[in-house]
Amino acid sequence: MQWNDGGTRVDVTFHGTIAFTEDLTDVQSLSDGGYLKIRDWSHVIPHTIEIGSSGGSLTHTYYVSGIARPWDEDARRWLATGLPALVRQSGLAAESRVKQIFEKKGVNGVLAEIALITGDYARRLYLVALVDAAHLDAGSVQPVLAEVGQRMTSDYDRREVLVSVAAHVKLDARSVSAYAQAMASMTS
């Protein structure tokens, strides 16, 4: 996957199931044989971090301009600085991230995290994962529907969240109204 927001260009490759630390400063776990490779091309000199898992143990490798460097405070800082935006904007590991936040902070915690996401694609992944994880009812789905109606502009992503809500939540009259409001500006 490539991520480019105009000033930042990052290439990411990964394999396996990944979970990040709650504060998004590092990888918490990675399935055995899995890996995550992040190469940042945003500056004159590219930086690369490779994280792998073997036998239940994580290994971190850091490269600057293709030359291996020690996994030290500079490497940790580089990862901790770039990882939050990468995870939030790409939707990488959205399901495990939502489960992790939901277990500690509930629906409002996940919605607070979603407020930090600027793109509809990743926002959709988080909202659908929230609907799946939270087992929402007609009352507790209303903030989700408000988020869809107020912040999402992509009709496709909006539709995907609304389909998930319709499949998982039994709506009452009030939540049907919120559902209709979330659909109101759709044109396709």
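Number of residues in region 164-177 that are surrounded by 12 or more Cβ atoms within 10 Å (Cβ to Cβ), part of a helix (DSSP H, G or I) and within 25 Å of the chain's Cα centre (by Cα): the value is 4.
How many residues, within region 45-82, are touching a residue at least 40 places away in the same chain (Cβ under 8 Å) and either charged (D, E, K, R) or in contact with a strand residue (DSSP E or B) (Cβ under 7 Å, 6 or more places away or on another chain) (or both)?
So the count comes out to 3.
Would you call S154 out of contact with any Ser or Thr (no Cβ under 7 Å at 6 or more places or on another chain) and farther than 17 Å from M186 by Cα?
The answer is no for S154.
Scanning region 81-100 for residues that are of a type outside the set (F, W, Y) and more than 21 Å from L125 (Cα to Cα) turns up at least one hit. Residue count for region 74-99 under the criterion of being within 19 Å of D132 (Cα to Cα) and either surrounded by 19 or more Cβ atoms within 10 Å (Cβ to Cβ) or of a type in the set (S, T, Y) (or both): the result is 8. Here S90 fits the description: at pLDDT below 90, touching a strand residue (DSSP E or B) at 6+ places or on another chain (Cβ under 8 Å) and of a type in the set (S, T, N, Q). Inside region 143-163, residues that are touching an Asp or Glu at 6+ places or on another chain (Cβ under 8 Å) and surrounded by 19 or more Cβ atoms within 10 Å (Cβ to Cβ) make up a count of 3.
The values are calculated or read from the model by the stated rules, or taken from the named source; none is laboratory data. Small disclaimer: the values here were computed from a predicted structure and weren't measured. Neighbour counts run over all protein chains shown; Cβ positions are idealised from the backbone, glycine included.
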